[in-house]
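First up is the structure itself, then whatever we jot down about it.
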Amino acid sequence: MDRLEQEIKDTSKGMTPIVKTVVRFVIGIIVIFGVYIVLYGHVTPGGGFAGGVILASAYVLLTLAFGKEMGLSKMSNTGASLLDNSGALMFVIIGLLGYTGGYFFYNFLGKGDPFQLFSAGSIPLANIAIGVKVTASVFAIFMALSIFGRFIYKAAEGDESESEE
Amino acid sequence: MEIILLFLMAFMIIGSIIAIETKNLLSSVISVGVVGFSLSIVFLMLGAPDIAITQVVVEILILVVLIRATITTDNTAIEGPRDSFPFVSSLIFFGLFLMFAFFAVQELPKFGEPLMRVSSEYLRTGTEKTGATNIVTAILLDFRAYDTLGEATVLFTSIVGAFVILRRKGRKGKREIDQEKFGILEDEDIKQNFEGF
Amino acid sequence: MILYFLSLVLLVMGLYCLIAKKNIVKKIIGIVIAEYSINLFLVLVGYRHEGIAPILLKGMQTEELVQKGVDPLPQALVLTSIVIGLGTLALMVALCLRMYEKFKTFDMTKINTLKG
């Protein structure tokens, strides 16, 4: 608890302590909401794309409020790259496994009753793969754009101007 | 119903006029945000809740990325006189286009009575063939999963392309490969290793 | 009919901003507005009067969905188009940042005269 209090009172990086305290409460709710929209994509509106972008915006909120080091410590660069590639690979494997039933992308698992979580065959698995992929992609591009900016200031002006977002 | 749609579309057109003509870059980015949010309300009134959710969250990320591009420089104002040749020629061309579009739009099916030859089959047999109750997800991931594979490929390619553009230097030798891919150096190497293209 | 025409007016305004403005960020804003207008036009074509969203609720028969549901096919394609728009915007902004680093300005006429 001591390190957390220190990090909240440290005003050199990130935003004011009010913003940091509110973000600590709100981020858990955003992550749960994003996971709900990804998993129940075949029953309620939503799906893999919307849920993946919601999860990525939770990471963006964390980085904006606490500074770059906190965002990088939750998911490092190699971690984001691995998640991105494994999400795309899983989607292709689900398609290739359809060959056991007849043709590409055949829905090979059982159908189940409607309105349940475990129904509709391979559709929830494909939703999870797409959600993971979109989350990692959007978070990684945001980190690359924000880290690139620091080099422009240090080179174009030459002095220590930490003018970030 | 149509009155509300007309009012919202007029609001969007006014917002985009402000976004195009204003001289301050930051206010034009905020006007684009207003256009996007009213677009998501229009999607909700047209009976598409999936698209409304996606449009709201993607709009927020578009605003974050555009503001990141805008505050690169300190002065956010545009100067300079207006070039006359592109302005006049584009006005003439787009005036002609709109005149022809007014007559071409009369040939489309009347607003509110779609043709729906393929979609009525999807609506009738969607739930019993796939087991999903959200017909839009069933179309995206079961009837037309090949298009979703193409979309995942396009997203992947554009993100990898953006990384390659934002890279620091080519060969490093002693550095690790994944640090080089993301272009992140430590603080003390900035003055030595920073070069242009 | 006038709704289709208004969305085409929005497309024309986005294209005008792409052609006739000199600042790179303004051109990117023009592309974003043109993308919004095309997605809107596709969803407008598939609307049905007094229609319900194409989602089956509890206790509803599929006959009702066939009689009153809106067209679900353009909605599925517009969903992927919105996310692809985000990806291409990230690529365009990366190019814009690189150009600023090399030429130190956002103005296209000055970049045309500098020529590296």
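What follows is calculated from the coordinates using simple rules that are stated; it is not laboratory data. The structure displayed is predicted, hence computed values, not measured ones. Because the Cβ atoms are built from the backbone with ideal geometry, glycine has one as well, and the counts that use them run over all protein chains shown.
A few notes on this one:
- Remark: spin-label model distance residue B:100-residue C:52 equals 4.3 nm, labels positioned 7 Å along the Cα→Cβ axis.
- Percentage relative contact order, chain C, counting C-alpha pairs under 8 Å, at least six apart: 25 percent
- Cβ-defined net charge surrounding residue B:46, 13 Å radius [Lys, Arg +1; Asp, Glu -1]: -3
- P(r) tail fraction, segment B:1-74 - alpha-carbon pairs more than 21 Å apart, %: 32 percent
- Built amide H within the under 5 Å cut-off of residue C:52, gap 5+: C:69, C:70
- Rounded, prolate or oblate (a/c below 1.5 giving rounded, otherwise prolate when a/b exceeds b/c) for segment C:2-111 by Cα gyration tensor: oblate
- Mean separation of Cα pairs under 8 Å and 6 or more residues apart, divided by the residue count, gives segment A:8-103 a relative contact order of 23 percent.
- Average Cα contact separation per residue, segment B:1-74, under 8 Å, 6 or more apart, as relative contact order %: 27 percent
- Legend: calculated FRET efficiency, residue B:91 to residue B:120, from the Cβ-Cβ distance at R0 = 41 Å, rounded to 0.05, equals 0.40.
- Gyration tensor (alpha-carbon) shape descriptor, segment B:114-168, a/c threshold 1.5: prolate
- Among A:20, A:68, the order by Cβ neighbours within 10 angstrom, fewest to most, reads A:68, A:20.
- Unsatisfied cross-links (Cα-Cα over 24 Å) in the set B:129/C:68; C:21/C:104; A:68/C:104: A:68/C:104
- Phi-based couplings in Hz for segment B:142-147 (Karplus 6.51, -1.76, 1.60; Gly and Pro marked x): 10, 6, 10, 6, 5, 5
- Fewest-first sequence of B:12, C:1 by Cβ atoms within 10 Å of each Cβ: C:1, B:12
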